[in-house]
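Novice: Encoded as structure tokens, here's the structure I'll be asking about.
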Amino acid sequence: MPYSIHYYSDAVQAEILALPKTLAARYVALTDRMMVDGANLHEPHTKAFGNGLFELRLKGAEGIARVFYCTLVGRRIVMLHSFVKKTDKTPLTERRIAETRMKEVKNADT
């Protein structure tokens, strides 16, 4: 049974699809793999943050982007938040947005 990709909102989906060309292409390639192999593709493609939060690590000619996501029962992967990296470390504010959205999604799923 394959996995399915969902989005926290239409706005999150639009932001991800509006990433620069090579980053968007990398996103599509990795999510295609996720639908077959599952949410954790391991580093360098994904990184687990604990408590069910993961990041999809995108690198392309235009730079680096991250997409935070979580998994739900029924082989569902929910994309929560994306951003283009400007610094070496992931800004805490970006991670907190994803953590807040993950709590909302998981509470709605119970």
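The values are calculated or read from the model by the stated rules, or taken from the named source; none is laboratory data. Bear in mind the structure is a predicted one, so any value in this text is a computation, not a measurement. Cβ placement follows ideal geometry from the backbone for every residue including glycine, while neighbour counts extend to all protein chains displayed. Each accessible area value is taken on the protein alone, full model and side chains, heavy atoms only, with ligands, DNA and RNA left out. Shrake-Rupley method; radii C 1.70, N 1.55, O 1.52, S 1.80 Å.
Novice: For the stretch 2-16, indicate whether the set of residues that are under 22 Å from residue 108 (Cβ atoms), touching a Gly at 6+ places or on another chain (Cβ under 9 Å), open to solvent by less than 90 Å² (accessible area, probe 1.4 Å) and not aromatic (Phe, Trp, Tyr) is non-empty.
Specialist: yes
Novice: Right, here's the next one. I'd like the residue in the stretch 17-26 that is assigned to a helix (DSSP H, G or I) and out of contact with any Leu (no Cβ under 6 Å at 6 or more places or on another chain) and, out of all such residues, is least open to solvent (accessible area, probe 1.4 Å). Walk me through how you get there before you give the answer.
Specialist: Restricting attention to the stretch 17-26, the residues satisfying the condition of being assigned to a helix (DSSP H, G or I) are 17, 21-26.
Now restrict to residues that are out of contact with any Leu (no Cβ under 6 Å at 6 or more places or on another chain): 17, 21-22, 24-25.
On the way: 17: 102, 21: 168, 22: 52, 24: 21, 25: 59 Å².
The residue in question is 24.
Novice: How many residues does the stretch 74-100 hold that are open to solvent by 80 Å² or more (accessible area, probe 1.4 Å) and in contact with a Ser or Thr (Cβ under 9 Å, 6 or more places away or on another chain)?
Specialist: The qualifying residues number 1.
Novice: Can you find a residue that is under 10 Å from the mean Cα position of the chain (by Cα) and either open to solvent by 60 Å² or more (accessible area, probe 1.4 Å) or closer than 20 Å to residue 106 by Cα (or both) anywhere in the stretch 30-45?
Specialist: Yes, there is a match, as at least one residue in the stretch 30-45 is under 10 Å from the mean Cα position of the chain (by Cα) and either open to solvent by 60 Å² or more (accessible area, probe 1.4 Å) or closer than 20 Å to residue 106 by Cα (or both).
Novice: Do any residues in the stretch 71-98 that are part of a loop (DSSP other than H, G, I, E, B) have Cβ atoms under 7 Å from those of residues that are among the aliphatic types (A, V, I, L, M) and open to solvent by 70 Å² or more (accessible area, probe 1.4 Å), where the two are at least six apart or on different chains, and which pairs are they?
Specialist: 75/1
Novice: Here is a list of conditions, (1) within 21 Å of residue 9 (Cβ to Cβ); (2) touching a residue at least 12 places away in the same chain (Cβ under 8 Å), and residue 59 meets all of them except one; can you say which number that is?
Specialist: (1)
Novice: On to the next question. Exactly one of (1) in contact with a strand residue (DSSP E or B) (Cβ under 9 Å, 6 or more places away or on another chain); (2) surrounded by 14 or more Cβ atoms within 10 Å (Cβ to Cβ) is unmet by residue 60. Its number?
Specialist: Evaluating residue 60 over (1) in contact with a strand residue (DSSP E or B) (Cβ under 9 Å, 6 or more places away or on another chain); (2) surrounded by 14 or more Cβ atoms within 10 Å (Cβ to Cβ) leaves (1) as the failure.
Novice: Determine which single condition residue 68 fails, assuming it passes every other condition in (1) part of a helix (DSSP H, G or I); (2) in contact with a strand residue (DSSP E or B) (Cβ under 9 Å, 6 or more places away or on another chain).
Specialist: It fails just one condition, (1).
Novice: A further question follows. So is residue 41 over 18 Å from residue 95 (Cα atoms), in contact with a helix residue (DSSP H, G or I) (Cβ under 9 Å, 6 or more places away or on another chain) and not in a strand (DSSP E or B) or not? Let's see the steps before the verdict.
Specialist: Details: over 18 Å from residue 95 (Cα atoms): yes; in contact with a helix residue (DSSP H, G or I) (Cβ under 9 Å, 6 or more places away or on another chain): yes; not in a strand (DSSP E or B): yes.
So residue 41 fits the description; yes.
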